[in-house]
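Working notes for the structure below.
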Number of protein chains: 2
Amino acid sequence: MHTFQELRAQFEAYLNDYNFPESPQALYDACRHILQLGGKRVRPVLSLMAQDLFREIDLNGKQAALAVELFHNFTLVHDDIMDKADIRRGKPTVHTKFSMPTAILSGDVLNIYTYELLNNITHENQKKVVSLFNKTAIEVCEGQQMDMDFEEIANVPEGDYLEMITLKTSVLLACSLGIGALLGGANDEDVQHLYEFGKDVGIAFQLKDDYLDSFGDESKTGKKQGGDIMANKKTIFYCYITDIATDTQMKQIQDLQASSKGDKVEQTLALYRTMGADDYVSKLKEEYSQKAFLALDKVSVSAEKKAHLRELAEMLLVREK
Amino acid sequence: MHTFQELRAQFEAYLNDYNFPESPQALYDACRHILQLGGKRVRPVLSLMAQDLFREIDLNGKQAALAVELFHNFTLVHDDIMDKADIRRGKPTVHTKFSMPTAILSGDVLNIYTYELLNNITHENQKKVVSLFNKTAIEVCEGQQMDMDFEEIANVPEGDYLEMITLKTSVLLACSLGIGALLGGANDEDVQHLYEFGKDVGIAFQLKDDYLDSFGDESKTGKKQGGDIMANKKTIFYCYITDIATDTQMKQIQDLQASSKGDKVEQTLALYRTMGADDYVSKLKEEYSQKAFLALDKVSVSAEKKAHLRELAEMLLVREK
């Protein structure tokens, strides 16, 4: 059993050995740029950890981990275009540093390299791996479309919001674990439990993210409190309060959305508290966390072997940053 | 053996039975929109024709044909964004009708559905099919990047131009045939011969396209003569004449490029003729056509069986539109 840090280092080494062609230079420089921006590499490491539960990590496992990371980076490149984001991890995004066309194309080619890695897998579960991956990749696109659609509509029901974050974010974490388990030769039940674990960790993580943005301690999160509120983002808070608001409260919400006054964040947070949204979201996050750990408990390997996965989930769900 | 028209009708029926999910609506409406714009369906039909040479067309063959068509449409959607094209086949392009983000995403999801279809193939050559497809898909992206890069540089050597059109256009025709042959159970040599046939037909077709734009008969092509010249496009003519130009001729070329006078096309065509570019391109196209038919001759099935493929190639390479 290896720790997150050990596997992350292993993965970085494997990624460093992976070379894109030299030409056309702009296309592959763009691919290298996004992959070199770093990140915690949570998805590939989750995939390696899942294989590690059942057998020694092998080339199939590493290829699958890299595939998941390439896919994730492809979605980042395209999402940054759609979101008109100039900066990622303190560096220019691909379409800013290169051009929009090159960003579209480099995302496309990263997606194709993803499939080339998956096609090179020699395990008997290879087709199952690709099938799970395809289902997930389609869901990720659907989640991104829902997220964009939400910008255009006033009231997003909480259920739709939860579905959106599940598709856009959680299923790829789930799939990473599922693929690793499949390549470890796990049985269908264990694959499913690990998938559910990843999915619920993902949802809880996103809820935590929303929570900290509104109620986090700036000295710990390192981010200005209320960023989502200032940007009128449709978070779980927004969906919850618009779901239950009286007419008077709805008017208040609309006024706050339209406001550009200095007390916009403070007033919105007060409304969240009055309407019980802080407790609600906190409990909802806790429910998904508990569901996640229950799913992990069901995986038929020793608690000792699962300790590193549990620690990683705790780190993701508890730490205030 | 079926004719192009028969297989095209079969393919359209199969495509009509293929349903994308209903939701998210914008995402899948965009997919339906591009697929419903029509087109000759050359790639999927080539794939079916290749399988038809070796065995009866089956579900694997149809899925592969659809995969190739979805992929082609994905590239059209993304290329139209990159080229800022508003109209395709007389209808608004996806990013014009929907939005740029939805166009990016619908292209992405079409690419993923391509792989889902390929993953559903049950033939023993399935991995070979995916491997050939991946190689091709990467080349198509590289070709598109080269095409964009060429816009920024003054002199594009003829060899680079031929490489670009090979990657951007021809290899997908070649791959369509190769995949069909693989799913027909053809041996490696026949797969290769059909691949070469498709590649050379593709190159010859693109050269014909360039030729007709400059020297075609408007009453037959239905397009205004000299469109590429007016747009200063880097065609085979441009690459050829800049490759061999004397200093004086180069000055002439630059002046013509900068010109917006009414005789720009006429003067450029006169220069092409003086420099022998019309004969050169005409012969080059003929060379690739002949190479294509030689490759087809080598395929180890009867000339009778290959007659429909030959007719299709002749239609693509001879007809003036």
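The values are calculated or read from the model by the stated rules, or taken from the named source; none is laboratory data. Not measured: the values here are computed from a predicted model. For neighbour counting, all protein chains shown are included, and Cβ atoms are generated from backbone atoms with ideal geometry for every residue, glycine included. We work out accessible area using only protein heavy atoms, side chains counted, and drop any ligands, DNA or RNA first. Shrake-Rupley method; radii C 1.70, N 1.55, O 1.52, S 1.80 Å.
Provide a single number: the residues in the stretch A:2-19 that are touching a residue at least 24 places away in the same chain (Cβ under 8 Å) and not polar (S, T, N, Q).
Qualifying residue count for the region: 9.
Quickly run through the stretch B:80-101 and pick out the residues that are open to solvent by less than 10 Å² (accessible area, probe 1.4 Å) and aromatic (Phe, Trp, Tyr).
Correct list: empty.
If only one of B:VAL45, B:VAL77 is assigned to a helix (DSSP H, G or I), away from chain A (no Cβ under 14 Å) and either hydroxyl-bearing (Ser, Thr, Tyr) or open to solvent by less than 30 Å² (accessible area, probe 1.4 Å) (or both), which one is it?
B:VAL45
Only one residue in B:ASP217, B:ASP213, B:ASP247 is among the acidic types (Asp, Glu) and closer than 19 Å to B:PRO157 by Cα, so which one is that?
Exactly one residue qualifies, and that residue is B:ASP247.
Residues in the stretch B:59-72: is at least one within 11 Å of another protein chain (Cβ to nearest Cβ) and open to solvent by less than 30 Å² (accessible area, probe 1.4 Å)?
Yes, the stretch B:59-72 has at least one match.
Rundown of residues vs (1) within 9 Å of another protein chain (Cβ to nearest Cβ); (2) open to solvent by 30 Å² or more (accessible area, probe 1.4 Å); (3) closer than 22 Å to B:ASP228 by Cα; (4) assigned to a helix (DSSP H, G or I), yes/no style:
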site: B:SER106; (1), (2), (3), (4): yes, no, no, yes
site: B:ILE112; (1), (2), (3), (4): yes, no, no, yes
site: B:MET146; (1), (2), (3), (4): yes, no, yes, yes
site: B:CYS175; (1), (2), (3), (4): no, no, no, yes
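Checking the conditions here, which among B:SER260, B:SER219 is part of a helix (DSSP H, G or I) and among the small types (Gly, Ala, Ser)?
B:SER219
Quick one: how many residues across the stretch B:193-237 are open to solvent by 30 Å² or more (accessible area, probe 1.4 Å), at positive phi and in contact with a helix residue (DSSP H, G or I) (Cβ under 8 Å, 6 or more places away or on another chain)?
1
Cβ contacts < 6 Å: first residue under 16 Å from B:ASP80 (Cβ atoms) and in contact (Cβ under 8 Å) with a residue 60 or more places away in the chain, restricted to the stretch B:24-37; second residue of a type outside the set (A, V, I, L, M, F, W, C) and part of a helix (DSSP H, G or I), any location; separation 6+ or different chain. Result?
Taking only residues 6 or more apart or on different chains, the pairs are B:ALA30/B:THR102; B:ALA30/B:SER106; B:CYS31/B:SER106; B:ILE34/B:ASN73.
Which of the residues that make up the stretch A:114-141 are at the interface with another protein chain (Cβ under 9 Å from one of its Cβ atoms) and surrounded by fewer than 22 Cβ atoms within 10 Å (Cβ to Cβ)?
Within the stretch A:114-141, A:GLU116, A:ASN120, A:GLN126, A:LYS127, A:SER131, A:LYS135, A:ILE138 meet the criteria.
Please work out which one of (1) more than 14 Å from every other protein chain (Cβ to nearest Cβ); (2) assigned to a helix (DSSP H, G or I) is the condition B:HIS95 fails and give its number.
(1)
Quick one: in the stretch B:11-27, of everything that is within 14 Å of chain A (Cβ to nearest Cβ) and outside any loop (DSSP other than H, G, I, E, B), which residue is least open to solvent (accessible area, probe 1.4 Å)?
B:LEU27
For the condition open to solvent by 40 Å² or more (accessible area, probe 1.4 Å) and closer than 30 Å to A:PHE197 by Cβ, what is the one hit in A:TYR240, A:TYR272, A:TYR280?
Of A:TYR240, A:TYR272, A:TYR280, the one residue that is open to solvent by 40 Å² or more (accessible area, probe 1.4 Å) and closer than 30 Å to A:PHE197 by Cβ is A:TYR280.
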